[in-house]
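Down below is the structure, laid out as structure tokens.
The values are calculated or read from the model by the stated rules, or taken from the named source; none is laboratory data. As the structure is a computational prediction, the values presented were derived from the model and not from experiment. Cβ placement follows ideal geometry from the backbone for every residue including glycine, while neighbour counts extend to all protein chains displayed. Note: accessible area is taken over every heavy atom of the protein model, side chains too, but ligands, DNA and RNA are not part of it. Shrake-Rupley method; radii C 1.70, N 1.55, O 1.52, S 1.80 Å.
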Amino acid sequence: YFLDKSDKYDSRDVERLQQDDKWVENYLIWRHDVVDDTLKMIDESFQWRKEYTVNDLSESVLPKWLFEIGALFLHGYDKEGYKLFWFKVKHHTRDPKQQLDKKKLVAFWLEHYAKRDHGKPLTVVFDMAETGISHIDLDFVRFIVSCFTDYYPNFLTKIVIFEMPWIMNAAFKIVKGWLGPDAISMLKFTNKTDVQEYISGEYLPPHMGGTDSFKYSYPPLVDDDFQTPLCENGPITSEDEHESKEEIDADTKEAGELNEAQNLNQKKMNSIEQISKSEETDKTEVKPKNAKKALTTFKGPLLHISPAEELYFGSKETGEKKCLIVLTNVTKNVVAFKVRTTAPEKYRVKPSNSSCEPGTSLDIVVSLHGGFAASLQDRFLIMAAEMDQSSGAGVPELAQFWKEVPRTKVMEHRLRCHVIESSKPSSLTLKDNAFNIPAKTNEDLHIQLTRLLQINKRLEEQMNRCLWFQQLSVVLSLLSVTVAAFCFYLAYAQGS
């Protein structure tokens, strides 16, 4: 494909395909591991990506009014922890002159989210309240469907359609014909009474029976996940409060503890390894391979962050309420950082707004407080930016620094929450300042499952052989009885 059509692909997509195994895997999964179908999908999606200049789509190249009307945006999570991609159908009207720009807006949002959350799947919500025949645009709907079925592999979890007017039933019969059997199974037609089977009320607007007070506005680009910063002493409501005298005093005290902690960082990192080994001797069935996986690291340009993707908390039954994030400064300058979350009322973070010296590591403790429990919908955002050598690292200097630093110079990394239901934690958690390394990873479970299937197959073969011998024994026994009876009959007949 590449040799024949290299001029039809964006070289950046080809390079990514050669380096990103997860991307390749998603294409294969979406096409059920049929290589020819997978190649065809990659070919079609790559040509589409170049035609729509997907890699270069940004706010500046799209009309501002498209963002202002609020027909498309990302906000909230479903009950499985997947991001919600909203289509407010009542804000859409058919206009052939605007169609290309609207399609590029869809591509912009999908690409924006794919890069931000590393391709984690989406749940699409068609909010069809207050819509009618004038809002039906089958060409636009077909494009949206094609994005998920042909261009973004394994990127769709479900399509929640809210209050579809009866007049649109005929139109959606046509749409079903475009989806294919896999996507059709993802369609969920809902109304006020059952929409909360898929989305909890905290992320539903009042007209859908929820309590979410979110109001779309632009600018800035909607990124409502991390509006409220965290502090060490519990939730706060605004940046202004964060800069209050009481908070500054608390942070100054915390900074003293932080400096002492930084001096002991090397010892801490060494002790982690020792603790991991001691966990093995305490019958936790930890493998070095698993320990390595638990401590996966995101390697950013300013900070290396461990764990790379998920923070593991226990359920109410397991009682694990603390996790550790390790930051390592890989630059030659001081790096300022701060932590935000989608659920500031639940978490405390120490430290949440501080700095890291060049070449050193720093531990951030994330803990649940009160009676709260972690959920799959919770997210954390770590923001980092380099500071000049002349800049101070005190609380007032940091507050001023974050007001002035350009957004283009800020590194951002997001972490998801994972809730462990079993009594043994299966990831990086903090308990009495020690790591509980996972006993089992997905890879190990897959290997064990494969072994069990092999054992099951051997047992089945042995049972089949036993049954065959049993049947043969029965047949031979019957033959023996028949022969004996026949001989007895002959002997009796001769005697007579």
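Of the helices (runs of 4 or more DSSP H) lying entirely inside the stretch 59-170, those containing at least 1 residues that are within 20 Å of L187 (Cα to Cα) are 99-116, 138-146.
Among the conditions (1) part of a helix (DSSP H, G or I); (2) closer than 25 Å to K102 by Cβ; (3) of a type outside the set (G, A, S); (4) within 26 Å of the chain's Cα centre (by Cα), the only one that T38 does not satisfy is (2). Pairs under 6 Å by beta carbon, first residue over 30 Å from D43 (Cβ atoms) and outside the structural domain of R31 (by the TED database) in the stretch 149-169, partner open to solvent by 30 Å² or more (accessible area, probe 1.4 Å) and aliphatic (A, V, I, L, M), six or more apart or different chains? Pairs that qualify, where the first residue is over 30 Å from D43 (Cβ atoms) and outside the structural domain of R31 (by the TED database) and the partner is open to solvent by 30 Å² or more (accessible area, probe 1.4 Å) and aliphatic (A, V, I, L, M), are I167/I133.
Considering the stretch 4-35, the residues that are among the acidic types (D, E) and in a helix (DSSP H, G or I) include one that is nearest to P153 (Cα to Cα), namely E25. Scan the stretch 64-72 and tell me whether some residue there is within 26 Å of the chain's Cα centre (by Cα) and not hydrophobic (A, V, I, L, M, F, W, C). Scanning the stretch 64-72, I find at least one residue that is within 26 Å of the chain's Cα centre (by Cα) and not hydrophobic (A, V, I, L, M, F, W, C), so the answer is yes.
All of (1) in contact with a helix residue (DSSP H, G or I) (Cβ under 6 Å, 6 or more places away or on another chain); (2) closer than 27 Å to L66 by Cα; (3) open to solvent by less than 20 Å² (accessible area, probe 1.4 Å); (4) at pLDDT below 85 hold for G210 with one exception: (4).
Conditions tested, residue by residue: (1) at pLDDT 85 or above; (2) under 26 Å from F372 (Cα atoms); (3) over 25 Å from the mean Cα position of the chain (by Cα); (4) open to solvent by less than 50 Å² (accessible area, probe 1.4 Å).
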position	(1), (2), (3), (4)
T190	yes, no, no, yes
T193	yes, no, yes, no
L204	yes, yes, no, yes
S217	no, no, yes, no
P220	no, no, no, no
D225	no, yes, no, yes
S238	no, yes, yes, yes
E246	no, yes, yes, no
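The set of residues in the stretch 128-141 being under 17 Å from F108 (Cα atoms) and either touching a residue at least 40 places away in the same chain (Cβ under 8 Å) or open to solvent by 40 Å² or more (accessible area, probe 1.4 Å) (or both) consists of F140 alone. Being open to solvent by less than 60 Å² (accessible area, probe 1.4 Å), closer than 13 Å to F140 by Cα, of a type in the set (D, E) and touching a Lys or Arg at 6+ places or on another chain (Cβ under 9 Å) is a property that D43 lacks.
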